[in-house]
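What follows is calculated from the coordinates using simple rules that are stated; it is not laboratory data. From a predicted model like this one, the values you see are computed outputs, not experimental measurements. Here the Cβ positions follow ideal geometry from the backbone for every residue, glycine too, while neighbour counts run over all protein chains shown.
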Amino acid sequence: MTGQQARFSAPSRVIHWLMAVMILAMLCIGVGMAASVSERYKVLVSIHKPLGIAILILVVIRFVNRRINPPPALPDSLTPVLRMAAIASHVLLYVLMFITPLVGWGMLSAARYPIILYGPLHLPPILPHDLALYALLRELHTCLAYGFFALILVHFGAALFHGLIRRDGVLASMASWRRTQTSGDIPR
Amino acid sequence: MPEDRSRDGPAAKGALTSGDVLLRLGAIGAAMLLAAVAFAYVGGWLSPGRLTQDRMAAALQEANGIHPGFRLNHAKGLCASGWFDSNGQASALSKAAVFEPGRMPLVGRFSLAGGMPFQTDAPGTVRALALRLTPRGAEEWRIAALNIPVFIVNSAQGFYDQTVASAPDPATGKPDPARMKAFLAAHPEAVKAFALIKDRPISTGFANSTFNGLNAFRFVSAAGASVPIRWSLVPAQAFVAESTAQSAPTDTNYLFSGLIAQVTEHPLQWRLLVTVGQPGDPTDDATLPWPSDRTQIDAGTVTIDQVSSEATGTCTDINYDPLVLPSGIESSDDPILSARSAVYARSFTLRAGEQREKPPSAITPQDVPARGRL
């Protein structure tokens with residue numbers, strides 16, 4: 001491969017950016033509500049729960065989509081270390097997208113808080129009523145969220161590194177919305 | 001037209017100078033830092049003055065001492081269980097399943113205000129009853145009510161200020177009168193509320209206390225009509241005024257001991273009265289009473305037939321969060337509700353992680369004689 005880096009499929013790009021917005025909103029809502037005693041608290045909590053479940057559903061759809069529309073290969077120019085880092089960080093991002101909301105659902109279950117999606121629409125508890133288990137999962141939920149934000153920061157920095165310094169087409173493979181990438185289509 | 005230089009791919013562009021690389025690395029670093037700072041701001045780490053759950057919890061611990069495993073407020077309590085018989089009369093105003101005619105189990109908790117789990121029972125201490133009603137296969141309702149006619153403050157900041165002002169002075173072991181004076185000067189609503197609270201009739205015990213929900217909620221009917229409401233638990237047990245003889249007891253748990261003795265004799269009952277507000281009645285300020293001529297609906301009867309120590313009762317594992325509401329009951333614009341929900345959640349999380357360090361509650365299982373069961 002010399003010039004162009006293949007792009008992610010359109011469904012992959014749509015789901016990536018949709019989830020990017022949702023997850024960033026979710027992390028901000030999470031730290032915001034955990035620090036709040038104002039009227040914002042009840043509003044943020046009522047968004048946090050259904051949004052978390054939406055992310056859980058979307059990550060499953062995303063995983064299936066990844067099977068149907070595999071991501072483009074990484075550029076050959078990547079060193080083995082960077083290649084490993086890219087693969088590992090993406091595996092970790094998937095794990096966090098799946099585990100963080102699941103731990104949230106589990107901790108609410110262990111505390112026997114109702115898991116309200118909207119109005120009378122509830123999810124059942126998935127764990128027994130157990131305070132020690134709740135305390136553990138509540139702590140874990142926070143740690144996962146902080147780790148998630150840190151990893152997103154690294155992901156963001158790495159994307160910019162690819163786009164601004166390596167200029168290897170990796171950023172454009174997800175961030176470009178142009179209809180095509182081939183130079184023949186660029187009007188002169 | 002010049003060639004499009006923005007295209008990606010090494011073939012399309014020239015090499016970066018080391019100065020370019022440094023500049024771009026700096027820009028990337030700055031973008032990452034900006035994102036991290038924004039996140040820290042949202043989380044309150046950059047605003048030492050913001051009233052957060054941590055600061056509220058710290059203020060309560062400062063005022064009451066640190067008691068691992070206990071609630072930050074209403075730390076001294078006794079679990080109770082029984083049932084609620086809904087008579088269906090509130091179902092016209094609220095579509096909540098708890099108001100459909102029928103019986104549902106409940107887990108309750110009697111407690112005294114304050115974060116001291118071993119405080120001596122005293123007549124003037126605010127008494128509370130919390131309930132979790134669980135209709136079969138439908139949404140639960142959690143409520144917490146106090147034996148005072150209005151709440152003391154009308155904002156989260158007010159509650160924080162009151163907590164800080166009532167913290168004991170390390171020198172005297174008592175609240176500093178100057179700080180309390182400053183608090184009252186800053187919170188005129190509390191001055192009026194304290195006057196109403198002081199005037200309340202105080203009964204001999206938990207069993208003949210009226211417990212008021214204080215904060216306004218909204219009932220939503222099946223047709224979608226929403227009305228502001230407040231509710232009270234009015235005892236079937238006759239009111240008897242607290243006497244000075246009783247309030248100088250030898251038993252430091254005389255209120256709880258009295259309750260245990262009464263429940264052992266016969267089940268205790270309270271009527272759930274729903275007061276319907278009119279337009280203009282304050283819903284965002286629990287220090288203001290509503291006019292006494294408002295329509296009241298008798299929604300049903302709470303029966304408590306058993307009490308148990310926190311060591312064996314199931315109330316210990318419940319956070320009586322006032323915003324755990326079924327559809328048909330909604331939060332009002334009262335800021336205290338959101339503050340209570342937030343601080344209760346923090347308190348619950350703290351004590352959940354401290355269960356192993358928790359000493360026995362003031363009321364132990366030995367204090368509660370087992371009732372004969374069939």
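Note on chain B: helix-only mean residue ellipticity at 222 nm, from DSSP H runs of 4+ residues weighted -39500 (n - 2.57) and normalised by residue number, equals -8500 deg cm²/dmol. Report the chymotrypsin sites (Phe, Trp or Tyr not before Pro) located in region B:216-318 that are in a DSSP loop and have at most 15 other Cβ atoms inside 10 Å of their Cβ, or state none. Answer in residue order: B:F239. For the residues of B:19-32, the average number of beta carbons from a partner chain within 10 Å of their own beta carbon is 3. One decimal place: the segment B:T244-B:L184 gains 18.7 nm when fully extended, by the rule 0.36 nm per residue minus the C-alpha distance.
For the protein assembly as shown, the residue among B:G280, B:S232, A:H48 whose Cα projects farthest onto the positive side of the dipole built from Cβ charges is A:H48. Computed from Cα atoms, the angle from the helix A:80-111 axis to the main principal axis of chain A rounds to 20 degrees. Classify region B:308-374 as rounded, prolate or oblate, taking a ≥ b ≥ c as the square roots of the eigenvalues of its Cα gyration tensor: rounded when a/c is under 1.5, otherwise prolate if a/b is larger than b/c and oblate if not. Verdict is oblate for region B:308-374. About its Cα centre, the dipole of region B:251-296 is roughly 160 debye, where the only charges are +1 on Lys and Arg Cβ and -1 on Asp and Glu Cβ.
With neighbours defined as other Cβ atoms within 10 Å of a residue's Cβ, the residues A:C28, B:C79, B:C315, A:C143 order from fewest to most as A:C143, A:C28, B:C315, B:C79.
Which FRET efficiency, nearest 0.05, do B:K174 and B:D199 yield, Cβ-Cβ r, R0 22 Å?
Numbers: r = 24 Å, r/R0 = 1.09.
The pair B:K174/B:D199 has a calculated efficiency of 0.35.
Remark: spin-label model distance B:T364-B:A261 equals 2.1 nm, labels positioned 7 Å along the Cα→Cβ axis. Compared with the rule-of-thumb size 2.2 N^0.38 Å for a compact globular protein, the protein assembly as shown has a Cα radius of gyration ratio of 1.19.
For region A:45-188, just say rounded, prolate or oblate: build the C-alpha gyration tensor, square-root its eigenvalues into a ≥ b ≥ c, call rounded for a/c under 1.5, and beyond that prolate if a/b exceeds b/c, oblate if not. Prolate shape, in that a/c is at least 1.5 and a/b is the bigger ratio.
Taking label positions 7 Å along the Cα-Cβ direction at both B:S18 and A:L151, the computed distance is 3.6 nm, reported to one decimal. Annotation: the residues A:F8, A:F63, B:F99, B:F84, sorted from fewest to most other C-beta atoms within 10 Å of their own C-beta, follow the order A:F63, A:F8, B:F84, B:F99. Counting 0.36 nm for each residue step from B:E357 to B:Q278 and taking away their Cα separation leaves a gain of 23.6 nm.
Computed from the C-beta positions of A:V64 and B:N87 and an R0 of 45 Å, the FRET efficiency is 0.30 to the nearest 0.05.
Computed from the Cβ-Cβ distance with R0 of 45 Å, the FRET efficiency linking A:R83 to A:L123 stands at 0.70. Remark: spin-label model distance A:I57-B:D333 equals 3.3 nm, labels positioned 7 Å along the Cα→Cβ axis.
Once whole DSSP H runs in chain B are found, which of them have Cα atoms spread over 15 Å or more along the helix axis and a mean Kyte-Doolittle score of at least -0.5?
B:18-42, B:188-198, B:254-265, B:335-352
Along the axis of the charge dipole computed for the protein assembly as shown (Cβ charges of +1 for Lys and Arg, -1 for Asp and Glu, origin at the Cα centre), the listed residues A:M26, B:F118, B:A223 are led at the positive end by A:M26.
Shown for A:D168, B:D333: other C-beta atoms within 10 Å of each C-beta, ranked fewest to most, produce the order B:D333, A:D168. Just subtract the alpha-carbon distance of A:Y94 and A:I47 from 0.36 nm times their residue separation and send over the number in nm, one decimal. Answer, rounded to one decimal: 14.7 nm.
Cys residues of the protein assembly as shown that find no other Cys beta carbon under 4.7 Å: A:C28, A:C143.
Distance check, please: which entries in A:K49/B:K76; A:K49/B:K198; A:K42/B:K95 exceed 30 angstrom between their Cα atoms? Beyond 30 Å: A:K49/B:K76; A:K49/B:K198. Computed over the alpha carbons of region B:51-367, Rg followed by Dmax gives 18.9, 60 Å.
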